[in-house]
1. Once you've got the Cα coordinates, tell me which of A:K6/A:K59; A:K49/B:K38; A:K6/A:K32; A:K49/B:K32; A:K6/B:K49 are over 31 Å apart.
2. Taking the label point 7 Å from Cα in the Cβ direction, how far apart in nm is A:D46 from each other copy of itself, listed shortest first?
3. Between A:G81, A:G71, A:G23, where does the largest GNM mean-square fluctuation fall for chain A, given springs only between Cα atoms within less than 10 Å?
4. Over chain A, what relative contact order in percent results from Cα pairs under 8 Å that are six or more residues apart?
5. Treating the point 7 Å from Cα along Cα-beta-carbon as the label, what are the nm separations from A:I21 to the other copies, to one decimal?
6. Chain pair B, A: how much accessible area is buried, both chains summed, with a 1.4 Å probe, in Å² to 100?
7. Report the Cα centroid-to-centroid distance between the stretch B:16-76 and the stretch A:2-41 in angstrom, as an integer.
8. Can you list the distances in nanometres, one decimal and ascending, from the A:Q80 label point to the identical position in each other copy, with the point 7 Å along Cα to Cβ?
Number of protein chains: 2
Amino acid sequence: MEITFKAINDPTRREILVFLIGGAQNAGEIAKQFSMSKPSISHHLDLLKQGNLILAEKKGQYIIYSLNRSGFELVHAWFQGFAQYFEFPKPKIRL
Amino acid sequence: MEITFKAINDPTRREILVFLIGGAQNAGEIAKQFSMSKPSISHHLDLLKQGNLILAEKKGQYIIYSLNRSGFELVHAWFQGFAQYFEFPKPKIRL
DNA sequence: TAAATATTTAAACGAATGTCTAAATATTTA
DNA sequence: TAAATATTTAGACATTCGTTTAAATATTTA
């Protein structure tokens, strides 16, 4: 959980996730989207993978990345408690 | 947006948010929940406030904190793109 | 008004983070 | 097999982050 939220925290990593909504891509194509060195992107991809937000599949000399449902499910589950709160707010404590 | 994700990134701050699902509380009561100094909690509360995840209302010498819908709406909106990608079941409640 | 209570602000500091360049690993192609 | 391509790993470095103690601000109570 900790590592998943951490992965989502960085703006570049969030952009990578949004980019992958368009479909799976190899590391080079992902890196092209950003004005940042390939090693930096590689590092971000590693963190996203650790957070179960993306999957990596080796295909020849390429590594193809795609969104991973598992990390998003975790975040979604955490959010449910708040969704319920805003629908059924508990009375606030008066001090 | 950046500051909202940053606010959610820290585990103590997420615990504070979950604690506030139980209802609004003043800073002292919130601090009691954690084995951490009051200034640290105060700092966390400030970041949560900056991220529009909580509201602060001064009541005499106390400051009462409560969940703020606005920050959660922002994160939820970001999340929607992925929910659609994975076809998550739609919540009855629209955040 | 003085003391007690509630909370924040300030300053300091080690740990974690994001970035870079250079080097290493793996695969494909000539 | 050697060169080219794709990607990661390693090491370094400045910045940001989370924490603490001490001091400041605001409010209530005696």
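1. Among A:K6/A:K59; A:K49/B:K38; A:K6/A:K32; A:K49/B:K32; A:K6/B:K49, the Cα-Cα distance tops 31 Å for A:K49/B:K38; A:K49/B:K32.
2. With the label placed 7 Å along Cα→Cβ, A:D46 yields 3.4 nm.
3. In this elastic network of chain A, the residue with the biggest mean-square fluctuation among A:G81, A:G71, A:G23 is A:G81.
4. After rounding, I find 30 percent.
5. With the label placed 7 Å along Cα→Cβ, A:I21 yields 2.5 nm.
6. Answer for the B-A pair: about 3400 Å² buried.
7. What the calculation gives is 31 Å, centre to centre.
8. Nearest to farthest, the other copies are at 2.2 nm.
The values are calculated or read from the model by the stated rules, or taken from the named source; none is laboratory data. Quick caveat, the model's predicted, so the values are computed rather than measured. Positions of Cβ are backbone-derived with ideal geometry, glycine not excepted, and every protein chain shown enters the neighbour counts. In case anyone asks, the SASA skips ligands and DNA or RNA and just uses the protein heavy atoms, side chains included. Shrake-Rupley method; radii C 1.70, N 1.55, O 1.52, S 1.80 Å.
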